[in-house]
Structures are given as structure tokens and as C-alpha cells.
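The values are calculated or read from the model by the stated rules, or taken from the named source; none is laboratory data. Since the model is a prediction, treat every value here as computed from it, not as a measurement. Neighbour counts are summed over all protein chains in view; Cβ atoms, including those assigned to glycine, are modelled from backbone coordinates with ideal geometry.
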Amino acid sequence: MTTVHESRTSSFDDNDQKPVGFGRMLRKEDPRLIRGRGRFTDDVQLPGMLHLAILRSPFAHARVVSVDTSAAEASPGVRAVVTGETLKGLGLAWMPTLSNDVQAVLATDKVRFQGQEVAFVVADDRYAARDALELIDVEYDVLDPVIDVRQALAPDAPLIRDDLEGKTNNHCFDWETGDADETEAVFARADVVVAQDIVYPRVHPAPMETCGAVADFDAVEGKLKLWSTTQAPHAHRTLYAIVAGLPEHKIQVIAPDIGGGFGNKVPIYPGYVCAIVGSIVTGKPVKWMEDRSENLISTGFARDYIMRGEIAATRDGKILGIRTNVLADHGAFNGTAAPVKYPAGFFGVFTGSYDLEAAYCKMTAVYTNKAPGGVAYACSFRITEAVYLVERIVDCLAAELDMDPAELRLKNFIQPDQFPYTTKTGWVYDSGNYEPTMRQAMDIAGYAELRAEQAEKRARGELMGIGISFFTEAVGAGPRKNMDILGLGMADGCELRVHPTGKAVVRLSVKTQGQGHETTFAQIVAEEIGIPPADIEVVHGDTDQTPFGLGTYGSRSTPVSGAAAALVARKVRDKAQLIASAMLEVTVADLEWVKGSFQVKGDPAKAVTIQQIAMRAHGAGDLPDGVEGGLEAQICYNPSNLTYPHGAYICVVDVDPGTAQVKVRRFIAVDDCGTRINPMIIEGQVHGGLTDGVGMALMEMISFDEDGNCLGASLMDYLIPTALEVPDWETGYTVTPSPHHPIGAKGVGESATVGSPPAIVNAVVDALKPYGVRHADMPLTPSRVWDAMRGRATPPI
Amino acid sequence: MQVPAPFEYERATSVDQAIGLLERLGSSARLVAGGHSLLPMMKLRLANFEYLIDINPLHDELGYIRSQANELRIGAMTRHRELLESDELAAAFPIFRDAERVIADPVVRNRGTLGGSLCQADPSEDLSAVCTTLDASCVIRGPGGAERVVSMEEFHVGPYETAVGDGEMLIEVRFPVRANGGSAYQKVERRAGDWAVVSAGAAVWLAADGTIADARVGLAAVGPNTTGIPEISEALRGHEPAEELYERAGAIAARVCDPVTDQRGSEDYKRHLADELTRRTLRTAVERARS
Ligand SMILES: Cc1cc2nc3c(=O)[nH]c(=O)nc-3n(C[C@H](O)[C@H](O)[C@H](O)COP(=O)(O)OP(=O)(O)OC[C@H]3O[C@@H](n4cnc5c(N)ncnc54)[C@H](O)[C@@H]3O)c2cc1C
């Protein structure tokens, strides 16, 4: 069942309602972060700590002929200089990526992208380390690079991955989903078929805190402590154990406060491994913090899909099928972060929110001489690309049919009684009720009035556009029967311990990078056992202190670990009920849970609070037969399905006809993420994601020149949006709980990043309708918009 | 953290002491004013200098906006923020406030200086375009207190190259004040705080009969230097302000500028902007001259 709520603008007055459970409350982590008491990786200072700097390749493709480190070694303050050859001796020159490929830690044979790691220096301070890099003499034999992805499979293309045995071309993988023949049949009998080439350019997550690590290997204990910027500390620990051959119980990975992740901090980067090697070699703690340029040129990018979308429909606007062909640029090493059986992530949900008769996708992924990646940049494993494709192509169809894009969507939505709905590509949407969400967005926007205003403005030669996007996400990876990363199942552990005085500690496997876990998870536990969130400590990020689980990305924390937290709290409550029955001398069946206490049914005066029960659990006196002392539980939650949040976004833009500058005037976002735990945090996630969407739609792109030089190596070149580019966000929500999630919650961390770019692009294209524009690729910079107005829209690559 | 190569650092105690140091240390030394152009280049190791002479202690001496008869003088160490906030300057030359509103961000504006902006001689530098538009001249001081005054055309020798010699320093910029003037600035950027795709400044002086006595246009980011366009001045002088006239000026701007295609935009688009922004700023400058 869906409930519709009007919350047109976010009011801040009641943000701190101090709920014992769900509701608005200020974030518990904020006083620390706002007052500069956060502790990030770069804040870690250990006695005797040394500093590491990495020498990177200036070339996109070159053979490494020789590396002379003698001058660097003689430089003041230098403790060690390590090259690929040194690592080779230790069996550490290569490491596995998250997609079962391998990636060079330090280059031995060739460099394969500009910015690739070639050697590192460990020195007394950052300056000495950086200065010594200038003294390393590398002789390169420069090779032709593969930069244009469309040429990667040309017969004469230079071979990038000659390290892989038997490899003769730059092919990475093929993937398909759906039914080609069925789709062909549907297309053959359709009244209308529209095709459009659509590029989702390479972008970068660009977290404000770059990546880094402090490694401290204690040779006596044989124990490695690693503070690092990781969204997935447990997965990293296991991988280090496998790569470095260190016993897993002797590795402690600690993710302290993280200044933004967005998927950038999911992979293991060569720098982390270098820091570990540096500490082992020198016997001292070693810190590595990459600088801004290093982060932008060498760490995980996202997107880079060249798509051709086709849509088939009847003349009156019933969508029959969608077909797409994708060329995916995976860079020099396949570092995609996605469950292994999903090499294209969850791109399979490109069928969107519509009831189709057939769908088919064929994808080819290739290697190029660019940085590796393909990370889940706030995209729920490639759903960003999928949603962009379907929402753009549906708009193209609306233009072709001369139908209002809102009407076309409403006509084709999967209906509430069709859930759970199995898509033509095999995804089982758990729940959804799309029309109320769409209607609310249209109401807030004043859709009819906006169209009237647009008509008037067009008559005057002014350019105003209204863009819609409606998305369904698939988040919360995932059921372990088919989802794992390098063999690690995607289930999450959780532990809850209630102390004698009724305060509690909950230990999570996931790790916040700004999402507010310390608050949300305290609220989830509070809702179940009635202990106020302020009394619940959330411990996360330290593998020695938390149960195993796969980490935070793909909006999976609430769908997976949130469920674990609710269930572990219910386990504790069940035990509390046994103890309460003894305390009140009634049977368990005679007790009723009223948040925070057990009462005897029909006699509310006879009650014990959870705090009293906690003391009894730890105190003197007998407990019921078979009940152990203490009040704690642990769990490992394996989700039975993903959760499928949805949302309706409407964007209004004005385009200056003289300068082609786009101004986002209004943006309406109505999200349905099921049960809402902390609406204030949800709004924050949505605001951030929408801002991200403005960046991708209007300005962000990692581009390269023909030699493979990265042209986005600083934040002056790679633009990210500021407060001045975004309007006041107008948000609303509907609630359609997930039927299989214990509290009905779906993830929301990435909804807005996924849903907003198509709304903005659709709005710009709509504004340019008088110029006959049907499509223009991101980033819609003034120059590119101006080209589109002149009928010369070109792909950005 | 981006780390520059090693350098030595000294704080200046007076203009002449700073010039003395420059003279002694030669081309291995640089003055650092706001540092917002110099330090990013050093951190990226695009520029390496052995000595930095910090002239921020000279802000008291060289940070000023002063009205003289028929002239406004601005000290080289006057910061963007001071230029933005000065009502006196905004009254005399509204182009300054227009420009300062779109230069960088508050953090940069708190430190960056007029002198640093001109001496950096980046073709996209907004204040260079402003100074060109206003027909400013630069006071350069050398060893022994010798001073010379050069026009903006002479000052900008090439991209990132100025008339200031090794042992010299820019100390002041002078702006002629004429009656019935109006000025304006406009910039197209991809994002707030970004460097210009193209920007244009215009200044107009009206005669008693309402015709244009004189007019100047300065463009940024469309060629190796931010130069004035005498052809536009000639086309405007003596005419009644009108849309057709702005159009003619815009067409000249688009023709004579020399942009290149880069990440900020195509050459075509930049020429179009030179035209569009020339027309827009002339229109505003005339409105302001009239009011
Ligand atoms: C993020 C960012 C965005 C920016 N955006 C813009 C923008 O949109 N538009 C724009 O116009 N600018 C922009 N800038 C540049 C900014 O305006 C700088 O402050 C300015 O270019 C240089 O001034 P400065 O005082 O910082 O000079 P510095 O960096 O200190 O010096 C620059 C050069 O001038 C020399 N120099 C300085 N003062 C003197 C002097 N008195 N005599 C002789 N030589 C001298 C120095 O030796 C050096 O070579 C931006 C800068 C940043 C960091």
C-alpha cells in the first residue's frame, strides 16, 4: 500500500524531534564533524611515521625500459625507493581487481594509462618524498595509445593487455540480457520505432577527501593495522589476506571518518598496497595521501557508456519494447565494482518503470589506455546509465508521437497490482505504485501552468524547458545465491549489545562516508527496542570491532545492514521478553510490547522497561530456565531480493538564447524509498544527489586528448557544481514499503544521482525544441548547447 | 596535498627593499602577492622558483583606491575584495564591481590583488580586460626608485609576459576619469568561479548631444592577450547609441578576436560570445552613462 505525503518544501524547524525510533532528528555525528573533531585518515599520526609518494606515468601507453632510483635513494630523508621490479620479487607487482581482472600495483612491463603507478618513495616527510620523485629516472619507450573507444577493437589497434596470456585484442567482455528474437518481433510489428545514440560520458566521483592510507606493520606481532579511506573495510581485509598472503586475523582495517566516497573508495588502489609494502620494508608506520590530481587521474571513474537506444511503440503511445547496444570503456584494467555475475552492474533495469512486451541489450566492453574503474559512483551499479537511457529514449518517443512526456509515462507505468513484477530482463520489482508519485511531482510543479508559461515564452522567443524523469532503482545487493564480490557473499552481519544500565552498542559492517549511519542505525534499533538513539552507540569501520559484511555502496546499507539491525534488535527484544515474563511472573504470551517496555496485557501498571530488563539480564538473581545472562545478539542478514525505490523528478530550465547558458530554475523531486527512517537525512541525501546530477548534466566530464593526456586533472579543469548552480530543491514523497524488508525500507542514497541527469537533459532538450533539437549529450556546457541550437550537436567523445 | 619544490622565502619590508632583492636574485626570484596564481602553478610544479619575496606586508603601502583630479589611482596590492566593495570605485567605474562579482570566489578574492592579476598576464584574466577597457596605465618601479608609466598595450607583451623587468615591480594602476561615462562587464563561465569562456568589458563616454564621444571594448579569453579594439572605438565615435551600432561593434569583436577551441568552448562559440557580450555590455554602459 502506498501513502502519499505532501511535504513540498523542507522545513527545518522541526528537524530535531528527538524520536525514540523513526523521525526527524539531527545527526549524531555532526557535532564532531562540524567542530573539526572528525578524525580522517590524514589526521592519523603515529610515532615515527614516514610518508610515501608515488611516481606516476606521464604517458598513456609506454614500455618501461628502465627505472634508475639511485639518485632518489641518495636524496635527504629518503628511507626506501620501491619499483615494480622490487614488488615482482615479493610476488606483489600485480593484484586482483574487483572484477576478476588484474591490475599492476607498480608497472613492470608497460604503463597503460597516464597516471599509472611506477615507483614509490618513502621518506621522513611529505616534502622529501615528493622531491625525491623528481630524481627517479625512468626510461620509457612510448607506444601508440588507444584513446578513442570506438577504435579499440579495430584490427590494427595497439594491444594494451599483452600481460594476459593469449590476448590478441582489446576486447574485455561481451554481455547480453533479454530476448533478442522476441524483441525483434515486437519491433517488427510496432507502429513507431525511434532510435537515438546516447553517450554517458566518463565522470569522476571526486570526493573532497582524496584516497589515502596509514599502514603500520608490527613485525613482532605479525600484525598489520591499516587505516584507509575504504567504503568496504571487511572486503578489503579479506582481499589483503589473499593478495599479500597475510593471515586474516592479523590484519585490522580501520576506516576512520571519510570525507565522501561516492564509490571512489570501494576499490583497492595500488597506493594502499604500496603503503603496506612501505611499512613492511621500513619497519615503520607509513602514510600515503594522494593529491587532488592523483585522485582525478588515477582512481575509479564512472560511466563511459556509448549507447544506442531504440524504443518501439504503438501510434497511440503504448510502449512495446526497448533495445540497446552498448560500447563500454573500461580503461586499462577492468576495475568495475559490481557483483561478479553482473559485469555490467545492474544495467539490466534499463526497461525502467514501464510494462513492456520485450527488451534486449547487447554490450561490448573494451580496454583503452585510460584509468581503470567503472565504480558505483552513486549509481547503484550502472543504474544511472540505465535510467538515463530509458528516460531519454522515452522522451524521444514522446517527441516523435507529439505526446506530452508526462502523459506518455503515465500511460505505460507498471500498475500497482502487477507487483511483484518480473521485467523482461529478469528483475523482480518488489513493490511500487508509480502514478501517485508522478502526480505529486506534477502537482508540486504546477505542471499544467508550467506548460502554459512555456507556450507564452516560446511565442516571445524565450527558451524555457520542462524535463521529466521517472526512475526505478534496484538497490541492496544482494541475495547471496547470485551476488558476490570475488567470492564474498553480499550478506551483512550486525551485533547489538545492551549494557546493564540500558545503554546499547550496535556494531555494523557497513561504513558511512557522510550518509549519517551513526544516526540512522541508532534510530532503527531505537524503533525496535525503545532505547533512545542518544543512548545507542554505533560502531563501524573497524574490522576488529565489527562483524563481517560487504560495506557501503550501491545504496545497500539500509536495505541490507538496516534489515540486519532491525532483526538483531528484535532478537534482543525476544530475549528481553523472556526475562520480562520472569520479572513480572506472567507467561510470555501475556506480555505486550509498548515501545520501550513490556506490559502485562490488560494491566499497564504492571510493566518493566527495557532498561530494567537490561539490568536484570546482567544482575543477580535467577533468570528463566535456559536463558543466559546478558542482553545481546548477533545476526547475518541475507536479503531475499533487492529493494526497488522509485521517484518522479521534474526540472525547469531557462536557456539564454544569446549565450546558450542553462539555468536550472526549479527542481521537484518526489521520492519513494519505502519506510522513512529519518526524513531529514533522506532529504540531505536527495539534495546532494540532485546537486551531483546538475554537475553531470551540465559540466562534469573526464576527457582526454588524442595522446591520452587526462584533461580533467584538477578541479579547475574538472568542474563540480557549487551552491550557485542549483535551485532551492522542492521535495515530496510517497511511501510504498518493501514487502520483504523487515521495516519496509528501501535505499535512497543514490536515487537522486540516478534520477536527476535525465530530468535536466530532458528539460534542456525541451527548451531547445524551437530549434528542432531532439537530443544533446552531456555535459551541456554553454558551448555544447550553442552547437545544439545550430543543429550541430555532437557527442562529447 | 600538492607539494611545491623547495624554495626560500622572505617577507618584504618596503617596496625598495623588495626591488633590491629582485635585483640581486634575478630571474630565480618571484614576488608573491595574493599567491592565487603563482602558488597553484608551483604546487603543480609547472613553475619552480628558488626565492619567493612576499609583498603582503606592503599592503598598507600599496593597497589603496585614490581619487586625483581626472584620475583614479589604485595600488598594486589592492585586493579583489577591496575592489568589489569600494563604493567610490563602483560609482566611477561600475565595470569593476560587475567584474569582481564574477572573479573566482570569496576565498580567492580575499587574497588576490590587482597587481598580481595584471602581472600574471593570463589571457583570461578579467581585471586585465577591465584595465584595457578603461585605458589604464601601469606604474612600474625599478632600482633606485626609477618609475615609468606604460599603457596596457605596452604592459602586456604576450601571454604570461609583461613589461615588468626582473628587478622591477608594478606599484600602481592609473585610470583616466572623464565626464558622462558608463561602463559594464559581462562574463560567460561554465560554472561560478570558473575562468571565462569569454568576457567583455565596455566603456562609453557621451557628448553633450548624446552621441558617443568615445568608447572602448576589452575582451578576455579570446586571444593571446587581452587587448583593446581600436576599430570598435572608431566605429562608435560620433554616433548616436543604437542597437545597429552595437551590432556593428559586436561583429567587429567577433572578427578581430583570436580564440581557440578548448574545453571551455569551440572557437565559433567564442567568436559568437565576443559579439553577443560586446553588444550587451555596450548597451548597459550607455544606459549607465545616461543615468
Ligand atoms: C580558484 C581560482 C579561480 C580564479 N578565477 C579567476 C577568474 O575567474 N578571473 C580572474 O581574472 N582571475 C581568477 N583567478 C586568479 C586570481 O584573480 C588571482 O588572484 C590573480 O590572478 C593573481 O593575483 P595574486 O595577487 O594572487 O597574484 P600572485 O599569484 O601572487 O602573483 C601572480 C604573478 O604576478 C607577479 N606579481 C604579483 N604582484 C606583482 C607586482 N606588484 N609587481 C610585479 N609582479 C607581481 C607574481 O610574481 C606572479 O608571477 C582565480 C584564481 C583561483 C585560485
Task: Cβ pairs under 6 Å, 6+ apart, first in segment B:165-192 and at positive phi, second among the aromatic types (Phe, Trp, Tyr) - done: B:ASN180/B:TRP205
- [ ] Quickly run through segment B:16-55 and pick out the residues that are acidic (Asp, Glu) and under 21 Å from B:GLU82 (Cα atoms).
- [x] B:ASP54
Open item on the list: Against the definition (over 24 Å from B:GLY193 (Cα atoms) and either polar (S, T, N, Q) or within 13 Å of the ligand (Cβ to nearest atom) (or both)), how does B:LEU44 come out, yes or no?
Closed with: no
Task: Hits in segment A:430-469 (condition: among the β-branched types (Val, Ile, Thr) and touching a Gly at 6+ places or on another chain (Cβ under 6 Å)) - done: A:ILE444
Task: Among (1) surrounded by fewer than 24 Cβ atoms within 10 Å (Cβ to Cβ); (2) without any contact (Cβ under 8 Å) to a residue 60 or more places away in the chain, the one test that A:GLY461 misses - done: (2)
Open item on the list: Whether any residue in segment A:443-464 is among the polar types (S, T, N, Q), modelled with pLDDT of 95 or more and under 20 Å from A:MET778 (Cβ atoms) is what I want to check.
Closed with: no
- [ ] Might you check whether a residue that is out of contact with any His (no Cβ under 7 Å at 6 or more places or on another chain) and within 14 Å of another protein chain (Cβ to nearest Cβ) occurs anywhere in segment A:306-322?
- [x] no
TODO: For residues that are in a loop (DSSP other than H, G, I, E, B) and more than 8 Å from the ligand (Cβ to nearest atom), scanning just segment B:48-60, find the one that is surrounded by the most Cβ atoms within 10 Å (Cβ to Cβ).
DONE: B:PHE49
- [ ] Taking the residues in segment A:780-797 that are buried (at least 21 other Cβ atoms within 10 Å of the Cβ) and part of a loop (DSSP other than H, G, I, E, B) as candidates, determine which candidate is nearest to the other protein chains (Cβ to nearest Cβ).
- [x] A:THR781
Task: Selection count where residues are part of a helix (DSSP H, G or I) and either in contact (Cβ under 8 Å) with a residue 24 or more places away in the chain or closer than 25 Å to B:ASP105 by Cα (or both), scope segment B:1-47 - done: 17
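On the basis of being surrounded by fewer than 23 Cβ atoms within 10 Å (Cβ to Cβ) and in a strand (DSSP E or B), does A:ARG150 make the cut?
No: the conditions fail for A:ARG150.
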Open item on the list: It is to be established whether one or more residues within segment A:16-37 are under 27 Å from the mean Cα position of the chain (by Cα), within 23 Å of A:GLY115 (Cβ to Cβ), crowded, with 21+ Cβ neighbours inside 10 Å and modelled with pLDDT of 95 or more.
Closed with: no
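When only residues in segment A:694-736 that are of a type in the set (Asp, Glu), within 14 Å of chain B (Cβ to nearest Cβ) and surrounded by fewer than 19 Cβ atoms within 10 Å (Cβ to Cβ) count, which is nearest to the ligand (Cβ to nearest atom)?
Filtering first and then ranking leaves A:ASP717.
For B:PRO143, are the conditions met, namely being in contact with a Pro (Cβ under 6 Å, 6 or more places away or on another chain) and not aliphatic (A, V, I, L, M)? Show your work before the answer.
On the way: in contact with a Pro (Cβ under 6 Å, 6 or more places away or on another chain): no; not aliphatic (A, V, I, L, M): yes.
It is false that B:PRO143 is in contact with a Pro (Cβ under 6 Å, 6 or more places away or on another chain) and not aliphatic (A, V, I, L, M).
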- [ ] Report yes if some residue within segment A:120-138 is within 18 Å of A:PHE333 (Cβ to Cβ) and either within 14 Å of chain B (Cβ to nearest Cβ) or touching a residue at least 12 places away in the same chain (Cβ under 8 Å) (or both); otherwise report no.
- [x] no
TODO: Give the residues of segment B:36-57 that are touching a Gly at 6+ places or on another chain (Cβ under 9 Å) and away from chain A (no Cβ under 14 Å), sorted by residue number.
DONE: B:LEU38, B:LEU52, B:ASP54, B:ILE55, B:ASN56
Task: Scope segment A:476-514; condition surrounded by fewer than 20 Cβ atoms within 10 Å (Cβ to Cβ) and in a loop (DSSP other than H, G, I, E, B); matching residues - done: A:PRO479, A:ARG480, A:LYS481, A:ASN482, A:LEU486, A:GLY487, A:HIS499, A:PRO500, A:THR501, A:LYS503
- [ ] Filter segment B:75-104 for residues that are out of contact with any Lys or Arg (no Cβ under 8 Å at 6 or more places or on another chain), within 14 Å of the ligand (Cβ to nearest atom) and in a loop (DSSP other than H, G, I, E, B) and give the result.
- [x] B:ALA76, B:MET77, B:THR78, B:ALA104
- [ ] Could you check, for segment A:663-678, whether at least one of its residues is touching a residue at least 40 places away in the same chain (Cβ under 8 Å), within 14 Å of chain B (Cβ to nearest Cβ) and not aromatic (Phe, Trp, Tyr)?
- [x] yes
- [ ] From (1) crowded, with 23+ Cβ neighbours inside 10 Å; (2) closer than 30 Å to A:THR691 by Cβ, pick out the condition that doesn't hold for A:PRO256.
- [x] (1)
